1. I'd like to check something: does region 62-85 contain any residue that is without any contact (Cβ under 8 Å) to a residue 60 or more places away in the chain, outside any loop (DSSP other than H, G, I, E, B), more than 30 Å from Ala114 (Cα to Cα) and out of contact with any strand residue (DSSP E or B) (no Cβ under 7 Å at 6 or more places or on another chain)?
2. Give the residue that is farthest from Trp84 (Cα to Cα), with candidates limited to residues of region 125-149 that are within 31 Å of the chain's Cα centre (by Cα) and in contact (Cβ under 8 Å) with a residue 40 or more places away in the chain.
3. Has region 92-108 got any residue that is within 23 Å of the chain's Cα centre (by Cα), of a type in the set (Lys, Arg) and at pLDDT below 90?
4. Has region 218-235 got at least one residue that is of a type outside the set (D, E, K, R), surrounded by 13 or more Cβ atoms within 10 Å (Cβ to Cβ) and not in a helix (DSSP H, G or I)?
Amino acid sequence: MHRGKGMKFVGDSRIPAERKPNIPKDYSEYPGKTEAFWPNFLLREWMVGAVFLIGYLCLTVAHPAPLERMADPTDSGYIPLPDWYFLFLYQLLKYQYAAGDYTVIGAVVIPGIAFGALLLAPWLDTGPERRPVRRPIASGIMLLAVISVIFLTWEAVDDHDWEAAAEQGAIVDEVQFDESAEAYEIYLTQQSCIQCHGDNMQGLPGVAPNIFESDYTKEEVLEIIVNGKGIMQGGLFEGTDEELEILAAFIANDGQVPDDEE
C-alpha cells in the first residue's frame with residue numbers, strides 16, 4: 001500500500017461554505033414587534049443596567065454609608081429608623097388605625113393588598129394597548145402606588161428629628177476608668193444612677209450625659225448629687241457620707257482614684 005493512497009476526504013453538505021453575519025430578523029412586518037429580543041433588546045437593557053450600576057458604585061465611594069455606635073439593647077431611648085426604601089412603611093405604622101392594636105392592619109393587611117394589586121395588574125388589564133391612557137386599571141394602580149410611596153416617604157422624612165437621631169447614633173469613644181476602684185463598686189449599688197448613666201457610667205443618649213465629660217470639681221459633683229441639676233433629681237444617693245465623698249472624688253478625677261486616696 002502506497003503512502004496516502006487509503007485516505008479519503010468527505011465533505012458535509014449540511015455545513016454552509018459561507019458564513020453569514022448574525023443579523024436579526026426584520027420584525028417590521030409583524031404588528032406589536034419592533035426588534036429581536038436577542039441580542040438587540042437584551043443588549044440595550046444590559047447597557048442601561050451597567051450605567052446605573054456604575055453610577056451607584058460611584059455614589060457609594062463618594063458618600064459612604066454613615067455608621068452609628070454599636071447597638072445597645074438596654075438603651076430604651078433609642079429611636080430606630082429604617083433605610084429610605086422602607087420609610088413609607090415606617091410612616092404608615094404611625095397612623096391611628098395602622099399601629100397599636102391595629103398593627104397587623106398596617107404591617108400585613110395594607111401592604112399585602114397593595115403588593116397583591118401590583119402583582120395582579122397584568123391579569124386585571126389584559127388589553128393590547130400600550131399607551132397608559134388606554135389602560136386605566138393598570139395605570140391607576142401604578143399611579144396610586146407611586147403617589148402613596150412618595151407621600152409617606154416625605155412625611156417620614158419631615159416628621160423625623162434628624163438632630164436627635166444624629167446625637168443618639170453618634171460614635172463616642174468610651175472613657176477608660178478604673179473598674180477595680182472602690183468608688184465604682186459604690187456606684188454599682190446606686191440603681192437610680194445606673195438607670196440613667198448606665199453601668200459603665202458613659203450615659204445614655206437622650207437620657208443622661210457621660211459622667212466623665214464634665215469638668216466639675218469634687219465640691220460641684222457633691223452639690224449636684226445632693227441637690228440635683230436640671231432633670232436630675234437630688235437626694236437619690238443611697239449610702240453613707242463617706243461613700244458619697246469617695247464617689248464624688250472619683251467622678252471629678254475622670255474615673256481615676258485620687259492620689260490622696262490610694
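The values are calculated or read from the model by the stated rules, or taken from the named source; none is laboratory data. Model, not experiment: these values are computed from the prediction. In this analysis, Cβ positions are derived from the backbone assuming ideal geometry, glycine residues included, and neighbour counts consider all displayed protein chains.
1. yes
2. Per the stated criteria, the residue is Ser148.
3. Yes, region 92-108 contains a residue that is within 23 Å of the chain's Cα centre (by Cα), of a type in the set (Lys, Arg) and at pLDDT below 90.
4. Keep residues of region 218-235 that are of a type outside the set (D, E, K, R), which gives 221-222, 224-228, 230-235.
From what's left, surrounded by 13 or more Cβ atoms within 10 Å (Cβ to Cβ): 221-222, 224-226, 228, 232.
Now drop any that are not not in a helix (DSSP H, G or I), which leaves 228, 232.
Yes: one or more hits.
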